[in-house]
């Protein structure tokens, strides 16, 4: 009861109309209406149902937190703590977990090609689009009650502001001050709810400039590349904590993806 | 990329049926370089045909200026639940694909 | 990996080889025509001439819905509706593209003169819609600004 | 539902969500323990790729101090560190003005020092990502100040050349917790490339000063 009340109340909290202020708002609305995301969701559905791995089973019994095989609302409640893995997982970490535990695949094999390209998407990308679609219209309510969820949120916050690497960058170097741009790209201040909300509610997304679905694990990876840091492991505690931190900051926002990004 | 799946939705609107169709296609302009540094040959859909219950209602001719993974919306006058909508395409390399759905 | 090649005409042996070589057009397959001359035109005026729509008259009855500013020229959504009675075709031209004609749609009995599509734009340009009705041509334009963005990643 | 809860929801308050953390309103300061924890986490969760080796995870003293003070260290802490950074800049002798045309190319390019780049120095300063520079270039970032008219306002004296060179080589020598990378110190740009950027800023013929 308490959790439900919480979610409803948060959903009532006003969401600032930030997107409307952008000169690109009209473009973003029209591209979202006419995006080819469904094509990728369809591919994701095929992968979800495809028998794979040494155990030759599909992912249809994968428990994304709402029970084995339950897709509705699963994405809106991630990242969250999973007792079977004793850690907080985001969607991609959880999908990887299912590939390993259900399908019997090795981590090495399952993560060989997590980020695809325009010519060929990755399993992880199309699966993310497929799963996320089933949370459309539902408020983001990531886990925050379990001590490990709390710890993950706090770790994410610390990492967000942690400057390191040859260019001395933290996430906040680009996403810490209002009204800034990189080239023509507007930079959301991702530790503030009014910025995190519209952003986190639209991942994963079809990225126009790369003609494919991009995921949050990819976003973390590519930010660290441009921060001149070494590469984070796919689905690691670091990337999950950052995603968790930003999703908790955005909590209550209605999920409206997979969307479209520049 | 080879041409891939299609997806279509046909929904009753105010006085018309809205047909939204998605096509998986690279729509190569012939100007883009691949990872090997060589130009990727021109490869794009040239013809799009919409049929309602077997009768052609829209014939489209398009160029490489249509975005990768094309998405089109058309509107069919009137329409009723269960009407069969079929969309097909043909590209400059002779590949073709089609999909059909019933108006929902 | 999971991209399918469905209904590949090329697979049909000798016929496929001819098709691939461009020696035969698969007219039988789709009864398709493609106005090569109009699509090869390097100016909007030449393209319109090839379409038989030179001297189209400006019309307020053609509605073009498109964003004023596009964040990425690779995908620019455009929606065109002709309210001119008896419209039988709509052509879409991106004036500043190397080959301006992006598409031409013929509407038969049963279809509204409406199309929504995504086009590529190399730069800021007028988008022109040309409708034909009763053997006459009508036109409307809308400017779309295209910006580029990103930090090379 | 209790009366209190009804009141809370009527006002849209979050009182029922005692477990939900309060969002931050500003950048927090890290503690020395936080830095240890985060560095250890990154060491565990990251791997070397290409030129991006794991040594990049280790903090130097400048990063440490900026993290501990939320980028706003007290003057007495910042000053000695800035001085040490300044002293370590290897200023070349003679003119520091290179070729502004090459400088413009370097300013435009975002390449260099990434795991996806070829090792060694690339022709990339990423300058337009954060600064307006040549007024002709419309796609510029705004994280740093506009540099349009930089030399026109300041001239191109040897002192100004030295300042511009130093600022590009190691911005932290002038403002300890500046968001600008230490492009020379980090090995992203070499001496000639920094001279070319100095020319882009100061040369009267550069588009920056038109």
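The values are calculated or read from the model by the stated rules, or taken from the named source; none is laboratory data. Worth saying up front: this structure is predicted, and the values here are computed from it rather than measured. Every residue, glycine among them, receives a Cβ derived from its backbone with ideal geometry; neighbour counts consider all protein chains shown.
Key figures
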quantity	calculated
Any hit, region A:90-105, residues being farther than 20 Å from residue A:144 by Cα and within 14 Å of chain C (Cβ to nearest Cβ)	no
Contacts under 7 angstrom Cβ, first residue in region D:26-49 being more than 7 Å from chain A (Cβ to nearest Cβ), partner modelled with pLDDT of 95 or more and part of a loop (DSSP other than H, G, I, E, B), 6 or more apart	D:29/D:69; D:29/D:70; D:35/D:59; D:39/D:59
Subset of region B:14-49 (residues that are crowded, with 21+ Cβ neighbours inside 10 Å, within 7 Å of another protein chain (Cβ to nearest Cβ) and either on the phi > 0 side of the Ramachandran plot or part of a strand (DSSP E or B) (or both))	B:22, B:46, B:47
Qualifying residue in region D:28-39 (condition: in a loop (DSSP other than H, G, I, E, B) and modelled with pLDDT under 95)	no
Matching residues, region C:93-148, being away from chain B (no Cβ under 13 Å) and not in a strand (DSSP E or B)	C:124, C:134, C:135, C:147, C:148
Matching residues in region A:147-181 - criterion: being within 7 Å of chain D (Cβ to nearest Cβ), touching a strand residue (DSSP E or B) at 6+ places or on another chain (Cβ under 9 Å) and not in a helix (DSSP H, G or I)	A:163, A:165, A:166, A:180
Subset tally (residues that are part of a helix (DSSP H, G or I), out of contact with any helix residue (DSSP H, G or I) (no Cβ under 6 Å at 6 or more places or on another chain) and without any contact (Cβ under 8 Å) to a residue 60 or more places away in the chain) for region A:205-231	6
Matching residues, region C:35-64, being more than 19 Å from residue C:97 (Cα to Cα) and either within 11 Å of another protein chain (Cβ to nearest Cβ) or not in a loop (DSSP other than H, G, I, E, B) (or both)	C:57, C:58, C:62, C:63
Sole exception among (1) in a loop (DSSP other than H, G, I, E, B); (2) modelled with pLDDT of 95 or more for residue D:43, by number	(1)
Residue list for region D:77-101, restricted to those being in a loop (DSSP other than H, G, I, E, B) and either loosely packed, with under 15 Cβ neighbours inside 10 Å or at pLDDT below 95 (or both)	D:88, D:90, D:91, D:92, D:93, D:94, D:95
Complete set of residues in region A:70-106 that are free of Cβ contacts under 8 Å to residues at least 60 places away in the same chain, assigned to a loop (DSSP other than H, G, I, E, B) and more than 21 Å from residue A:125 (Cβ to Cβ)	A:70, A:83, A:84, A:85, A:104
Pick from region D:102-121, criterion within 18 Å of residue D:198 (Cα to Cα) and facing chain C (nearest Cβ under 10 Å), ranking: surrounded by the fewest Cβ atoms within 10 Å (Cβ to Cβ)	D:109
In region D:127-140, residue farthest from residue D:181 (Cα to Cα) [restricted to those that are assigned to a loop (DSSP other than H, G, I, E, B) and in contact (Cβ under 8 Å) with a residue 40 or more places away in the chain]	D:136
Region A:238-254: number of residues that are surrounded by fewer than 24 Cβ atoms within 10 Å (Cβ to Cβ) and under 30 Å from residue A:108 (Cα atoms)	1
Residue check for residue A:257: part of a loop (DSSP other than H, G, I, E, B) and at pLDDT 95 or above	no
Residue ID - surrounded by the most Cβ atoms within 10 Å (Cβ to Cβ), chosen from residues in region D:129-140 that are modelled with pLDDT under 95 and within 12 Å of another protein chain (Cβ to nearest Cβ)	D:140
Qualifying positions in region D:157-210 - within 14 Å of another protein chain (Cβ to nearest Cβ) and in a helix (DSSP H, G or I)	D:168, D:169, D:171, D:172, D:173
The one condition in (1) surrounded by fewer than 19 Cβ atoms within 10 Å (Cβ to Cβ); (2) under 14 Å from the mean Cα position of the chain (by Cα) that residue A:127 fails to fulfil	(1)
Spans of strands (runs of 3 or more DSSP E) in region B:65-104 with at least 2 residues in contact with a helix residue (DSSP H, G or I) (Cβ under 8 Å, 6 or more places away or on another chain)	B:84-91
Filtered residue count, region B:51-63, keeping only those that are touching a strand residue (DSSP E or B) at 6+ places or on another chain (Cβ under 6 Å) and more than 7 Å from every other protein chain (Cβ to nearest Cβ)	2
Sole exception among (1) in contact (Cβ under 8 Å) with a residue 60 or more places away in the chain; (2) under 15 Å from the mean Cα position of the chain (by Cα); (3) not in a loop (DSSP other than H, G, I, E, B) for residue B:11, by number	(2)
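Yes/no matrix, rows are residues, columns are (1) in contact with a strand residue (DSSP E or B) (Cβ under 8 Å, 6 or more places away or on another chain); (2) buried (at least 20 other Cβ atoms within 10 Å of the Cβ):
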residue	(1), (2)
A:122	no, yes
A:141	no, yes
A:145	no, no
A:195	no, yes
A:198	no, yes
A:202	yes, yes
